[in-house]
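The block underneath contains the structure these notes are about, expressed in structure tokens.
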Amino acid sequence: MMPAPPAALVDAAAAALARGELIGLPTETVYGLAGAARDERAVARIFALKGRPAEHPLIVHLAGAAQLDAWAREVTPAARALAAALWPGPLTLILKRAPGVSDLLTGGQDTIGLRVPAHPWAQAVLARFGDGVAAPSANRYGHLSPTTAQHVREEFGDALPLVLDGGPCEIGIESTIVDVSGADVRVLRPGRYGSDVLAAILQGAINEGAIATSPRVSGSLSRHYAPRTPSERVARARLEARLRRAEADGERVRILAIGSLPQQAEGLVMAGDAETYARHLYAALRALDAEGADRILIETPPEEPAWAAIHDRLRRATAREDTDDDRP
Ligand code: TXA
Ligand code: MG
């Protein structure tokens, strides 16, 4: 784990937040574009800088579960149990908002997303600042989430002068989002913690996937977390044939493979375990995207529960054209 950040940097970050400025903030999942959650001008700046539609709500980050009741009302036993077991960590709880919580944060909904991040730098800044910090992933709307400070600089450049460099993110994909605002406990966005982990803590069944009455989650749009290069998922057994066909069509192809690349293919090799794969996924996709190829072929990972969140992200990254099922 990353050591604690220099005290002067924590002071500067907290002071910038207090002035209504935005900062790039490392968390254990992905980097956040952070602003004071009770400052409406700061929140408006987040939406403007990301290019994010106003109806997409933001997650408010807290230093600890003790701040829960300042932001949420009718906190359910399931919410308390999950917070006690998994905070700080890669888990966002959707709860009914406390009186006075701005429509700007919630997209006009009656619920608020809350998370206590574990990264020591996020912890230090949140503790020093002392109140909630709104932080979507620090990328322009629809792009891949950033997992290094350099990714954040590439997204925003001079428009975001203060980016804290807390190293590469340990988890690498966004937090698990769980709706605990009512009796129906439901995973709205899968992440490191799967429904098996949540079910074990709550000793009850967990539902999966948003339904019509669920709070809206922008990360649940079909195309999201996407590289610019057309990308598709291909089973390993069909990878080489798909590559040759693309090359025959005159395309320059890059492959995101697991374990090894096919013969004479160019691309990147990922680890075969889900946690390591997730940690490196967005950096790998960014690197392949930067090569300006005509197509990225992504080897389909194993169909196992540990890979559920990765499948979710790859499905969204390839939503424009996904030919895994209907081509050789
Ligand atoms: O790991 C993470 O969650 C990262 C780090 C920075 O904490 N943050 C992140 O934020 O992924 P963002 O804004 O990129 O994605 C947050 C998701 C969005 O899909 C948003 O719609 C959903 O959380 N969300 C926030 N508040 C919500 C609410 N009240 N109801 C339903 N969904 C909500
Ligand atoms: Mg995001």
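The values are calculated or read from the model by the stated rules, or taken from the named source; none is laboratory data. Just so it is clear, the model here is predicted, and its values are computed rather than measured. With ideal geometry, Cβ positions are generated from the backbone for all residues, glycine too; neighbour counts draw on all protein chains shown. Just so you know, the surface numbers come from the protein's heavy atoms only, side chains and all, with ligands and any DNA or RNA stripped out. Shrake-Rupley method; radii C 1.70, N 1.55, O 1.52, S 1.80 Å.
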Flag if GLY24 is open to solvent by less than 40 Å² (accessible area, probe 1.4 Å), more than 15 Å from ligand 1 (Cβ to nearest atom) and in contact (Cβ under 8 Å) with a residue 12 or more places away in the chain:
no
Go through the stretch 137-157 and count every residue that is of a type in the set (A, V, I, L, M) and more than 10 Å from ligand 2 (Cβ to nearest atom).
2
Applying the selection to the stretch 248-275, what residues are open to solvent by 40 Å² or more (accessible area, probe 1.4 Å) and under 26 Å from ILE171 (Cβ atoms)?
GLY259, SER260, LEU261, LEU268, VAL269, GLY272, ASP273, GLU275
Can you give me the number of residues within the stretch 94-113 that are touching a helix residue (DSSP H, G or I) at 6+ places or on another chain (Cβ under 7 Å) and either among the hydroxyl-bearing types (Ser, Thr, Tyr) or away from ligand 2 (no atom under 16 Å from the Cβ) (or both)?
7
Going by what's in this entry, would ILE173 be described as in a loop (DSSP other than H, G, I, E, B), aliphatic (A, V, I, L, M) and closer than 30 Å to VAL75 by Cα?
yes
Modelled with pLDDT under 95 and under 17 Å from ALA135 (Cα atoms): is that true of HIS61 in this structure?
no
Of the residues that make up the stretch 291-306, is at least one modelled with pLDDT of 95 or more, over 21 Å from THR148 (Cα atoms), among the acidic types (Asp, Glu) and open to solvent by less than 20 Å² (accessible area, probe 1.4 Å)?
yes
Being among the acidic types (Asp, Glu), surrounded by 15 or more Cβ atoms within 10 Å (Cβ to Cβ) and within 12 Å of ligand 1 (Cβ to nearest atom), is that true of even one residue in the stretch 156-169?
no
For the condition β-branched (Val, Ile, Thr) and either away from ligand 1 (no atom under 15 Å from the Cβ) or on the phi > 0 side of the Ramachandran plot (or both), what is the one hit in VAL10, VAL60?
VAL10
Within the stretch 171-182, is there a residue that is surrounded by fewer than 23 Cβ atoms within 10 Å (Cβ to Cβ), away from ligand 2 (no atom under 16 Å from the Cβ) and at pLDDT below 95?
yes
Pairs under 6 Å by beta carbon, first residue open to solvent by 10 Å² or more (accessible area, probe 1.4 Å) in the stretch 124-151, partner part of a helix (DSSP H, G or I) and away from ligand 2 (no atom under 15 Å from the Cβ), six or more apart or different chains?
ALA124/VAL10; ARG128/VAL10; ARG128/ALA14; PHE129/ALA14; PHE129/LEU17
Does at least one position in the stretch 87-103 carry a residue that is closer than 23 Å to MET2 by Cα and hydroxyl-bearing (Ser, Thr, Tyr)?
yes
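Give the stretch 1-21 a look and list any residue that's acidic (Asp, Glu) and either free of Cβ contacts under 8 Å to residues at least 12 places away in the same chain or part of a helix (DSSP H, G or I) (or both), or say none.
The one that is acidic (Asp, Glu) and either free of Cβ contacts under 8 Å to residues at least 12 places away in the same chain or part of a helix (DSSP H, G or I) (or both): ASP11.
For the stretch 158-170, give me the residue count where each residue is within 14 Å of ligand 2 (Cβ to nearest atom) and touching a Gly at 6+ places or on another chain (Cβ under 8 Å).
Residues in the stretch 158-170 being within 14 Å of ligand 2 (Cβ to nearest atom) and touching a Gly at 6+ places or on another chain (Cβ under 8 Å): 0 in total.
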Filter the stretch 27-38 down to residues that are farther than 18 Å from LEU144 by Cβ and either in contact with a helix residue (DSSP H, G or I) (Cβ under 8 Å, 6 or more places away or on another chain) or within 11 Å of ligand 1 (Cβ to nearest atom) (or both), then give me how many there are.
4
